[in-house]
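Have a look at the structure below, then the notes.
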Amino acid sequence: MDVSRRNFVRASSLVLAGAGIVSGRSAFAAVPEAPTTRSPKTQAPLVPKSGPDYQPVATLNGWTLPWRMNGDWKEFHLVAEPVVREIAPGMNAYLWGYNGQSPGPTIEAVEGDKVRIYVTNKLPENTAVHWHGQRLPNGMDGVGGLNQPHIPPGKTFVYEFLLRRSGTYMYHPHSDEMVQMAMGMMGFFVVHPKDPAFRRVDRDFVFLLNAFDIEPGSYVPKVNTMLDFNMWCWNSRAFPGIDPFVVGKNDKVRIRFGNLTMTNHPIHMHGYEFKVSCTDGGWVDPAAAWDEVSIDCAVGQMRAFDFVADELGDWAIHCHKSHHTMNAMGHSVKTYIGVDKKDLAKRIQKIAPGYMPMGSNGMGEMGSMEMPLPDNTLPMMTGFAQFGPVEMGGMFSVVKVREGLAKNDYKDPGWFKHPEGTVAYEYKGKLAAVTPSAPPEAQSAEWRVKDPRKPAHGPDGNPLPAPKGGAHSNH
Ligand SMILES: [Cu+2]
């Protein structure tokens, strides 16, 4: 595990303590260590070395927070702090998070555990942590001012509660909440069932949906944005920076996510139908679950769905709002479909070398462009796979189903090797002439430019002819 330690308590004490070998509490520092990581890679799930058995979750481009046992308390230490997060190769964001990353590490424990969570505030302002979805004493609910004093910079607060229900939860600030969530502060919280067999799966993936508004060429999110975000992320990563969901053939798979953006996200997976198995309100009775291929996740909600991975392949998984599978710069671009801009491009290139016209034939061409971009900016549509540019960004990844994977092998297996005769192919025979359905003027737009200071005359000095019926003109 790619994790460094902030203080002198060694990783091994986690294991020893859990196994009950260390008995004297004086062996512990007063406050448990706060491990930290700089890596944005998906780290190996943290298999429990003691206590009830469970299948640990894989946090997409993230990790699980190690803990120690102190008597019968499971102790964790979160540090709220500024972090640098790689959104995808080529772009870093200056965010706020926990223990070196945004989102913070996943907290995993078991139904019936007593958890003690230390929270140290290394931010320049107050914070507080709310444990979204948990049943707990009111004073542990983490709403600054309402349930507890805010945690001032430099101070450490302690939260203690019993995990009464297994399920899918998250944590996030409830203190200057808009700013702190816009800066990336959030984390997943999974409570495993006490009965190791209950709703058990072979692979269990978790991630949070989050969004940022980061101007191309800059590093810090604009925190007052309400709707017009330009980076649509899973665990503060955007395609092609989001790791694949690697699963073995016939594995029982669970994918869980929570939405801490300002809009809803219909999450769509190709190749399978699935059943919603859990929300932040609890487990869905199997008799009440129906088949879906997309599930909408509203703001502040969490959803988990289950399926059996019996179809091999590279299956896309993405938000179905098409603007959410795009990176910055995609939203304010004018529509130029049907406009031939070659001549215009040549003229602009005289004053702005490197200028590229966008989208005469749609914007798919953007996916393969090597266009000069401001520093620290991701292309709007990008990513390559075995058949060419994928023309995506934002909330997009791939479920890679392969034969013969070892139990906890999450390594990217590369692209799917399609059996012969199972890939869409070009028809090379003769085709009858295809008559276009649309009239000619709808197939290529005609633009006329009028100088408002002059009468509408053509370059020859004669009045411009009336536009042909239906043709677009800005006269
Ligand atoms: Cu979306």
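The values are calculated or read from the model by the stated rules, or taken from the named source; none is laboratory data. On a predicted model such as this, the values are computed, not experimentally measured, just so you know. Reconstructed Cβ throughout: ideal geometry from the backbone, glycine too, with neighbour counts over all protein chains shown.
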| under 24 Å from V206 (Cα atoms), loosely packed, with under 13 Cβ neighbours inside 10 Å, at pLDDT 95 or above and away from the ligand (no atom under 16 Å from the Cβ), is that true of G421? | no
| message | Based on this model, can you work out whether M185 counts as under 22 Å from the mean Cα position of the chain (by Cα) and surrounded by fewer than 19 Cβ atoms within 10 Å (Cβ to Cβ)? | response | no
| query | Restricting the first residue to the stretch 180-195 and requiring it to be farther than 15 Å from P48 by Cβ, which pairs with a second residue that is of a type in the set (S, T, N, Q) and in a strand (DSSP E or B) meet a Cβ separation below 6 Å and a spacing of at least six or different chains? | reply | F188/T106
| query | Out of all the residues in the stretch 355-373, is one or more modelled with pLDDT of 70 or more and either surrounded by 17 or more Cβ atoms within 10 Å (Cβ to Cβ) or within 16 Å of the ligand (Cβ to nearest atom) (or both)? | reply | yes
| task | Determine, yes or no, whether D310 is in contact (Cβ under 8 Å) with a residue 12 or more places away in the chain, of a type in the set (D, E) and within 11 Å of the ligand (Cβ to nearest atom). | result | no
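Scan the stretch 455-468 and give yes if some residue there is under 44 Å from the mean Cα position of the chain (by Cα), modelled with pLDDT under 90, over 28 Å from M231 (Cβ atoms) and not aliphatic (A, V, I, L, M), otherwise no. Before you say what the answer is, go through the steps one by one.
Residues of the stretch 455-468 that are under 44 Å from the mean Cα position of the chain (by Cα), as a first pass: none.
Checked the stretch 455-468: no residue is under 44 Å from the mean Cα position of the chain (by Cα), modelled with pLDDT under 90, over 28 Å from M231 (Cβ atoms) and not aliphatic (A, V, I, L, M).
Taking the stretch 263-279 as the search range and keeping residues that are within 20 Å of C233 (Cα to Cα) and in contact with a strand residue (DSSP E or B) (Cβ under 7 Å, 6 or more places away or on another chain), which one is nearest to the ligand (Cβ to nearest atom)?
Here is the first cut: in the stretch 263-279, the residues within 20 Å of C233 (Cα to Cα) are 263-270.
From what's left, in contact with a strand residue (DSSP E or B) (Cβ under 7 Å, 6 or more places away or on another chain): 264-270.
On the way: N264: 7, H265: 3, P266: 7, I267: 8, H268: 10, M269: 14, H270: 16 Å.
The selected residue is H265.
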| said: Out of the residues in the stretch 291-307 meeting the condition of being over 15 Å from the mean Cα position of the chain (by Cα) and β-branched (V, I, T), tell me which one is nearest to the ligand (Cβ to nearest atom). | reply: I295
| request: Would you check if Y427 is among the aromatic types (F, W, Y) and at pLDDT below 80? | output: no
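Going by what's in this entry, would V220 be described as in a strand (DSSP E or B) and either surrounded by fewer than 20 Cβ atoms within 10 Å (Cβ to Cβ) or free of Cβ contacts under 8 Å to residues at least 40 places away in the same chain (or both)? Even if it seems obvious, please write down each step before you answer.
Numbers: in a strand (DSSP E or B): no; either surrounded by fewer than 20 Cβ atoms within 10 Å (Cβ to Cβ) or free of Cβ contacts under 8 Å to residues at least 40 places away in the same chain (or both): yes.
In short, no.
Mind listing whichever residues of the stretch 377-399 are under 15 Å from V247 (Cβ atoms) and either within 16 Å of the ligand (Cβ to nearest atom) or surrounded by fewer than 22 Cβ atoms within 10 Å (Cβ to Cβ) (or both)?
Taking the stretch 377-399 first, the residues under 15 Å from V247 (Cβ atoms) are 397-399.
Hit for the stretch 377-399 is S397, nothing else.
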| query | What about G258, is it within 16 Å of the ligand (Cβ to nearest atom), small (G, A, S) and touching a residue at least 40 places away in the same chain (Cβ under 8 Å)? | reply | yes
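Only strands (runs of 3 or more DSSP E) wholly contained in the stretch 76-139 count here; list those with 2 or more residues that are surrounded by 20 or more Cβ atoms within 10 Å (Cβ to Cβ), of a type in the set (A, V, I, L, M) and touching a strand residue (DSSP E or B) at 6+ places or on another chain (Cβ under 9 Å). Quick ask: steps written out before the conclusion?
Numbers: elements: 91-98, 107-110, 114-121, 129-132.
So the answer is 91-98, 107-110, 114-121.
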